[in-house]
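Working notes, structure below.
The values are calculated or read from the model by the stated rules, or taken from the named source; none is laboratory data. What you see is a predicted model; the values in this text were computed from it and never measured. So basically every Cβ, Gly included, is an ideal-geometry build from the backbone, and we count neighbours across all protein chains shown.
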Amino acid sequence: MKYSILRRLSFKSILNRKNIYGPYLLAIGFLFSLEYILLSLLNNNYVRENNDNDTLMTLLSMALFFITLMNIIIALYGSRFVSKIRRQEFGLYTVLGMENKHIRYMFLVEYLLCWLITSAISVLFGFGLGKFMFIILNRMMHDTGATFMSYPFDLQTAILTVSILFAIFITIFILDNYRLIRYKPAELLSQANASEREPRVRILITLFGLVTLGLGYYVALTSQGVIQSMLKIFIAVLLVVMGTYCLFVTGSILVLKLLKKNNDYYYQAHHFLTISGMLYRMKANAVSLATIAILCSGIILTLSATVTLYSSMQSQINSVLPRQYELAPNNMNQSNDQQTIQDLRSGLNGIKQKKSVTNSLLLQQLSTPASLTSNGTLQRLSKNVRDTTKGRPIYLLVQTVNDFNRLTHKHYQLNDQTVMIGSNLINVSKYKHLGIVNKQYKVKQVDTSILTAKYGIEVVSIIVPDQQLLLKTQEHYQNYNRNTDKFMKTPLDINLYFDLKDGQQLTNKQIKAFQTKYGQTITTKKSVQQMEYHLYGGLLFIGMLVSLVLFVITILMLYFKQISEGYADRKNYQIMQQVGLPKELIKKTIHSQIVWLFVLPLIVGLIHVLFATNIMSQLMGIVGITNMHLYFISYVIVGIVFTLLYLVVYLITSSKYYHLINGN
C-alpha cells in the first residue's frame, strides 16, 4: 500500500474524529502552555533580578514539577481513551488487508501531527498568555515596574516544551504499537463492543473503605497544633484517598444493587434503564469518579487556602509591624533589660536629630517556652520537651495591659487578681482561672484576631495587669540551656516602633549609617510588605495555576469518560429506539446517568473539604492566620464559583453524549 494513501488516511482520521482529537489536543496544548509559562518565568531576567530572595523561584520550581507530572499523566491517560475508541477501526484495517507496518506508519503520522499541533498551541498560546500572567504575577507582588517588554520570547523554553511533548507522543506511539502487537484483529474488533460483567459487591473492600475514610476524617478532625497537623495531614490524605477509591469502586455498586432490589423503584422505566446501565459500567467509572472527587477537593482546598493567605496579608503585616519603622537591639542575648531600653531611646533620639518622629511606641514582652496543664496552670517547661506529663508544651507571650492597649488601640482594664488570655491555635476559652507563678488569677478572654501574627506555633498570650507580674513571670518561667545544663532567665523582647511626620522616610543610606553608629536594627514596613507580597503573591499565583491545571484535567477526564461511554452506548440506545422506547424516556435516562457521573464526585469533594477544615485551620497557624471566618468566606466563594463552572461542563458534556448516542 502506498504511504501517500496512508498519510491521507491519517489526516482524514483526525478530521473525522475531531470530537475526540479536538478537545484532547486543545487540553494538552493548553496544559503545556502553562508549562511554557512556568519555565519562561524561571528563566526570565526581570523575575530573577527583582526578587532578592529565592522564595518565588522555589515556589515556581515546585509548581513546575507538579504540573509537569500531572501533564504527563493526563496526556497518557487521554491517549488511552483515544486508543480505546479507535480500537475497532484498527481491527477493521487489518481485516481489509493492512499489515501492522502500515498501521504503525499511520500511528507515526498521526502522532507527529498531534505533536506539531500541541507544540504550536503550547508555544504560541503560552507566549501570549504568559505576557498577561507575567503582569498578573508582578501585580500580585505589588511590583508596578514590570511591562510586556520585560517578558520576551524564550527560545530555550520553547525548545524544552516541544521536546517534552515529543517524548510524550513517542511514548504513546510505543504503547499503541505494543497494543497492536498484543491483540489479534478479531480481538480488536470485539473489544470495542465488549461489555463488562455485572460487578460484584465486595463486602470486605466496602468495609475497608468505610473504615479508612472514617479514620481519615477522624485524624483530620482531632489533629491539634501545627506540628501534629503537619505530621498527620499526609496520613489523613492517604486514608481519605484510599477510602474514596474503595467506596466508589464497591460502595457505589452496593447502593445500585440495593436500589435494584427495591422492586417498586427499580421497575420504573427510566430507573430500570439508568441502574442497569450504571451497573454494567460502574467498575470502570468508579476509578475515574473517585479521581475526579479527589481533584475537586484539591482544587477547592488549594484556591481557598491561597486566597485566604493573600486576603489576610495586610492585617498580618500590621500585626507584625504596627508602625512605619521598628527599632530593635542587634544583640538579642542581652540580660540587662533596662540598659536595652536606654540604648533604644538613645537610638530614637539619634533619629530625631535627622527626622521628625511621631507615634513612638516602646513595648516589652516575655517570649519563652512553657507548659500548660489541663486544669489551667502555667509551668516551667521541663528539660525533656517531649515530656507532656506536666502539661502541653506551648510558647508563652506575656505583656502588660498598658502595652497591649497602646499596641491594639483598645481600653482594657485589669485589677491585680485578673489576667487576659488568648491563643492562635489552642482553645483556651474553657479556662476560668489560670495559675501563674503559684497564684490563681481570674481569666478574661481576648479576641484572637488582634493578637500578633508573628508566630507559627502554638502560642498562648497572657495580658497581665502590671510590670511587676511581667517581671515575676520572666524570673519564674526560665528557659533550659542545653549547653550549660541550667535554666536561664529569658531577656525581654524590647522593641521600639515609630512613624515619621509629613510622609518623611529614611533612605537606605541613612538606615545603614544609623545601624553602624548605634548597633541597632531598623526594619521598615515597606521591606516587610515587599517580602510578604513576594511570598503570598507568589503563593496565590501558583495556587491559581495548579487549580487551573487540576480543573482542566477534571474537565478532560469527564469529557473522555462521557465520549467513550457515548460510543459504547450508542448501539444499545439505537436498539432501544427501534423497539419503540420514546426519545423523552431515553433523554431522561441519559440525564440520570450523567447526574450520577457529575454530581456525586462534586458532593464527595465538598464533603472532603469540610472535614479538612480543622486541619487546615491548624496549618494556617503556621503563617499566623487565626481569623478562620476569612477562610470560610474564601471556601464558600471558591466552592460556588467552582460549582458553577462544573455545571457548565456538565451541560456541554451531556449535550455531546446525547448527540453521540443518537448517531450524530
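Some points to look at:
- Arg182 vs. criteria surrounded by fewer than 19 Cβ atoms within 10 Å (Cβ to Cβ), over 30 Å from Ile542 (Cα atoms) and at pLDDT below 80: yes
The rows are residues; the columns are (1) farther than 23 Å from Val599 by Cα; (2) in contact with a strand residue (DSSP E or B) (Cβ under 9 Å, 6 or more places away or on another chain); (3) modelled with pLDDT under 80; (4) crowded, with 21+ Cβ neighbours inside 10 Å.
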{"site": "Ile205", "(1), (2), (3), (4)": "yes, no, no, no"}
{"site": "Phe208", "(1), (2), (3), (4)": "yes, no, no, no"}
{"site": "Ile235", "(1), (2), (3), (4)": "yes, no, no, no"}
{"site": "Leu259", "(1), (2), (3), (4)": "no, no, yes, no"}
{"site": "Tyr265", "(1), (2), (3), (4)": "no, no, yes, no"}
{"site": "Ser288", "(1), (2), (3), (4)": "no, no, yes, no"}
{"site": "Leu301", "(1), (2), (3), (4)": "no, no, no, no"}
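- Check on Gln478, over 23 Å from Val320 (Cβ atoms) and surrounded by fewer than 20 Cβ atoms within 10 Å (Cβ to Cβ): yes
- Among residues of the range 54-74 being crowded, with 22+ Cβ neighbours inside 10 Å and at pLDDT 85 or above, the one that is farthest from the chain's Cα centre (by Cα) is Asn71.
- Residues that are buried (at least 19 other Cβ atoms within 10 Å of the Cβ), in a strand (DSSP E or B) and at pLDDT below 85, drawn from the range 303-329: Pro329
- Boolean, Leu469 is under 40 Å from the mean Cα position of the chain (by Cα) and of a type outside the set (Gly, Ala, Ser): no
- Residue in the range 347-359 that is at pLDDT 80 or above, surrounded by 16 or more Cβ atoms within 10 Å (Cβ to Cβ) and not in a helix (DSSP H, G or I) present: yes
- Contact map, the range 350-368: residues that are under 19 Å from Pro329 (Cα atoms) and free of Cβ contacts under 8 Å to residues at least 40 places away in the same chain paired with residues that are part of a strand (DSSP E or B) and among the hydroxyl-bearing types (Ser, Thr, Tyr), Cβ distance under 7 Å, separation 6+ or inter-chain. No pairs are found.
- The range 524-559 - residue that is polar (S, T, N, Q) and assigned to a helix (DSSP H, G or I) and, of those, nearest to Asn495 (Cα to Cα): Ser527
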